[in-house]
Amino acid sequence: MTNVNNWQSLIYELQNEFTRIELENATLKERLNQMEMQKITPSKPEVNRVEWTELETGKRFLTKKDLGRYLGISPGTISNQISNGVFPIRHKKMGIAVRFDMREVLEYLDMNKPFWERDKELEKRR
């Protein structure tokens, strides 16, 4: 009788463990799906679109301060990223000043890709 009880107890424990593993597996699959969805769905920088209308009419080039205000980052961060070659928006030097073309800024916000990736895609099409 003890052998039967031992076997039943062992079977019961194995069933519980199997159920726990299935539940954990389902949870991990759900987390993986969520992570994949986050990769697929590009996140655009949060830009306060209302503030874009505050620009002077006909103003085509933005300063680091203007751009930083709209992107929610400091001009110093923009300078550091430009120096490190990782700032995703193409800039132009006008004398000692750095300026950003509104068309480049809007293209980046629309595509959410740095200019070097956009340039590579353009080269592939040619």
| In nm, to one decimal, how far is the K93 label point from the I21 one, both placed 7 Å along Cα→Cβ? | 6.3 nm
| Percent breakdown of C-alpha pair distances by 10 Å bin, ordered from the shortest bin, for segment 49-125 | 17, 53, 27, 4
| Label point distance in nm, N33-N5, each placed 7 Å from Cα along Cα→Cβ | 4.4 nm
| remark: Total charge of the residues flanking D119 in space, meaning their Cβ is under 14 Å from its Cβ, with Lys and Arg +1 and Asp and Glu -1, is +2
| remark: So, with points 7 Å from each Cα along the Cβ direction, the I73-M111 label distance in nm works out to 1.8 nm
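A short reminder: the numbers here are calculations on the coordinates, not readings from a lab. On a predicted model such as this, the values are computed, not experimentally measured, just so you know. Here the Cβ is made from the backbone with ideal geometry for all residues, glycine too, and neighbour counts use every protein chain on show.
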